[in-house]
Structure formats: structure tokens, C-alpha cells
Amino acid sequence: MEEPEMQLKVKKVTDKFTESMYVLANEPSVALYRLQEHVRRSLPELAQHKSDMQSWEEQSQGAIYTVEYACSAIKNMTDSTVYFKSIDSLLKHAIAMKEQLNTAQG
């Protein structure tokens, strides 16, 4: 090969090599800069969402407790029907006894 042609090829190879080294050296820092920029922009909004979610969780936990307490009270009321029936029969018996006493006295 001729000397000028060889020099041209060597220059092209060294230019491509230099360009590749430049891209390799700078690309990670550009990517990290973009990540940092994205985090800085989106972090306040994410923190607000987290705060909102925690507030909603506390409210829903309170509502769940209230519903569970009400369900427990209703279950206890349905379980106590036996006692209410007993009280009802005892009251009826007491009323009948009172009427017997009233008729005996009158």
C-alpha cells in the first residue's frame, strides 16, 4: 500500500477509536445525570403520594375496626336471642302472677 493511503486508514481507525473511547467515557455520566435529574423531579411527587397513601391507610384501618366492631355486636345480639326469649317468658309469667294477685286481692 501506498504511504498516504495507509496514513488515511490509520487516521480513520484512530479517529473511530478516539470517538469510541469518548462515548464510553462520557455515556455513563450522562446516564447518571439523567437519572439524578429524573429522581430530583419526581421525588417530591412520590413523597406526597406516600404520605397520602399512609393517611388513607390509617383512615381505612379505622373504618375496618368500626365495621368489625359493629359485626361483632350484631353477632352477639343474634347469639343472645335465647336470653331474650327467656326474659320474655319470665316477664309474661310475672305479668300473669301480678294479674292473679290483683284478682285475688280484688
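Things worth noting here:
- Computed from Cα atoms, the angle from the helix 81-105 axis to the main principal axis of the chain rounds to 20 degrees.
- When the charge dipole of the chain is built from unit charges on Cβ atoms (+1 for Lys and Arg, -1 for Asp and Glu) and taken about the Cα centre, the candidate among Ala63, Leu24, Leu46 whose Cα reaches farthest toward its positive end is Ala63.
- Per-residue HN-Hα couplings for segment 36-44 [Karplus 6.51, -1.76, 1.60; θ = phi - 60°; Hz; x = Gly/Pro]: 4, 4, 5, 5, 4, 6, 8, 4, x
- What the chain shows is 95 Å² of accessible area per residue, with the surface traced by a 1.4 Å probe over protein heavy atoms.
- Carbon + sulfur, % of accessible area of segment 1-60 - ligands and nucleic acids excluded, 1.4 Å: 63 percent
- With one equal scatterer per alpha carbon and no solvent term, the Debye-computed log10 I(q)/I(0) for the chain at 0.11, 0.19 1/Å reads -0.78, -1.04.
The values are calculated or read from the model by the stated rules, or taken from the named source; none is laboratory data. The structure presented is a predicted model; accordingly, all values stated were derived computationally and were not measured. Quick reminder, even Gly has a Cβ in these numbers, built from the backbone with ideal geometry, and neighbours come from all protein chains shown. Heads up: the accessible areas ignore ligands, DNA and RNA and are worked out on the full protein's heavy atoms, side chains in. Shrake-Rupley method; radii C 1.70, N 1.55, O 1.52, S 1.80 Å.
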